[in-house]
Amino acid sequence: MKKIILFFSFFFLLLGILVYISYPKNQPMNTVAFMFPDNINDQTWGTEGYKAMQEIAQKYDANLYFEQNVNTESKIERQINLWAEREVNIIYGQGSEFEKSFNKFAKKYPNIHFVFLNGESQHRNVTAINIDGYAQGFFAGIVASRSSHTGNIGVIGAFKTQPEIKGFIQGAHYDNPNIKIIANYVGTWSYFRKSGQITKDMIQHDKVDVVYPAADGVSVESLLMVKAMNKKAIGYIMDQSHYGDFVLTSTIQNISTTYQDIADKYVRNNLLGGTKHYGMSENISTLGPISKKVDLKTKNDIATMIKHFKETNLLPDHKKLPQSDVHVYTKQYNLKPQK
């Protein structure tokens, strides 16, 4: 009997040791770094990313380095080398323009994990985050269509290929095949000083009464013009309902959640890298609060449609999401060559 007890005691002790050895150990995250191609005070994309990095640094009591206006290959690579000397654990580059340099330097610095938005990972220490914007755009298009009294909706985007804009237009047309979309593409994500005037022209000359300013550099100025002219709008990237009830809803991309998830996995020592896809089903791309200016039926319909989409992966038009192109944003950038 004693031998049996000893045997099982030894067996469970050995099993516990094996489990302990095989279980991933936490690793420290002492320093994180963040680079952004434009000004981080854009009140949309850059601001949200920087806030997310501050939250990570605070949670893990880590040092935070950041650099804005990193918009050429030479600047990106110079910054990587500088931060490598400071033994940074993770470098986040918020944009698809970081794909080439991050994949290139991943082999040179295997102890650094590189993270960027929109593109493809080529190494285990590179994570490429791809956030689907088509679905949220589709539902926002329905809200815009039902809230328009003139039947004319305005879109101000950076590029025609943006999935969120394609989804927005498709959603509006699904709700009302006769809806008219007046679209203007400014060709840049950066601040565009004429965005207010473009918005004003759409409202005055094209009788637009709902505007979707779907680009970082036009969003705020366009919203302010919409508010001044007593029309309605759809917010972009972040919840912009604080501008007023005229913001019917917002197409939000929860960058903070994705960045935090990556940091958590790094600390738990199970961050494997690769090309990742997030969308409405993961609650990463979402619709913001719906304004009281939107009727109750529309609010309920949108909630039902989104629930059905998450359960079936089918949009209200009974179609699946278009196949994701991880380079849809990368194609828009022409980085300056190294000097």
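What follows is calculated from the coordinates using simple rules that are stated; it is not laboratory data. Treat the numbers as computed from the prediction; the structure is a model and nothing was measured. Cβ: placed from backbone, ideal geometry, glycine included. Neighbour counts: every protein chain shown.
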Bin by bin, in steps of 5 Å, what percent of the Cα pairs in segment 187-260 do you find, going until the bin that has the longest distance? 3, 17, 28, 23, 17, 7, 3, 2, 0
How large is the convex hull of the C-alpha atoms of the chain per residue, in Å³? 171 Å³
Could you give the length gained by full extension between Lys265 and Leu314, i.e. 0.36 nm per residue of separation minus their alpha carbon distance, to one decimal place? 14.6 nm
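Report the extension gain between Ser74 and Asn111 in nm, rounded to one decimal, defined as 0.36 nm multiplied by the number of residues separating them, less their alpha carbon distance.
Working: separation 37, 0.36 × 37 = 13.32 nm, distance 2.15 nm.
So the extension gain works out to 11.2 nm.
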Treating the Cα atoms of segment 203-339 as identical point scatterers in vacuum, please give the log10 of the normalised Debye intensity I(q)/I(0) at q = 0.13, 0.14, 0.17, 0.18 Å⁻¹, two decimals. -0.78, -0.89, -1.15, -1.22
For the chain, whose charge dipole is built from +1 on Lys and Arg Cβ atoms and -1 on Asp and Glu Cβ atoms, the candidate among Ser74, Ala84, Ser195 with its Cα farthest towards the positive end is Ala84
For Thr275, distant residues with modelled amide H under 5 Å away: Ser121, Ala128
Relative to a virtual label point 7 Å from the Cα of Lys207 in the Cα→beta-carbon direction, which members of segment 159-186 show backbone nitrogen distances below 15 Å? 178-182
In whole Å, what are the Cα extents of segment 116-267 along the three principal axes, biggest one first? 52, 32, 28
Those aspartates and glutamates that a straight Cα-Cα span of less than 15 Å connects to Lys166, excepting residues fewer than 8 apart in one chain: Asp132, Asp175, Asp317, Asp325
Under a point spin-label approximation (7 Å from Cα along Cα-to-Cβ), what is the Asp245-His277 distance to one decimal in nm? 4.0 nm
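How big, in percent, is the set of alpha carbon pairs in segment 44-146 lying more than 18 Å apart? Each step should come with its number before you reach the end.
Working: 2835 of 5253 pairs.
When every Cα pair of segment 44-146 is considered, 54 percent fall beyond 18 Å.
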Between Arg193 and Lys307, what is the spin-label point distance in nm, taking each point 7 Å from the Cα along the Cα→C-beta axis? 5.0 nm
In a Gaussian network model of the chain with springs linking alpha carbons closer than 10 Å, the residue among Ala140, Ala52, Ala233 that fluctuates most is Ala52
The chain: angle of helix 73-85 to the longest principal axis, Cα-based, in degrees nearest 10: 30 degrees
So which of Lys180/Lys299; Lys227/Lys299; Lys299/Lys319; Lys107/Lys160 end up more than 24 Å apart by C-alpha? Lys107/Lys160
Enumerate the amide H contacts of Gly154 below 5 Å, restricted to partners 5 or more residues apart or on another chain; note that Pro and chain-start residues carry no placed amide H. Ile182, Asp209, Val210, Val211, Tyr212
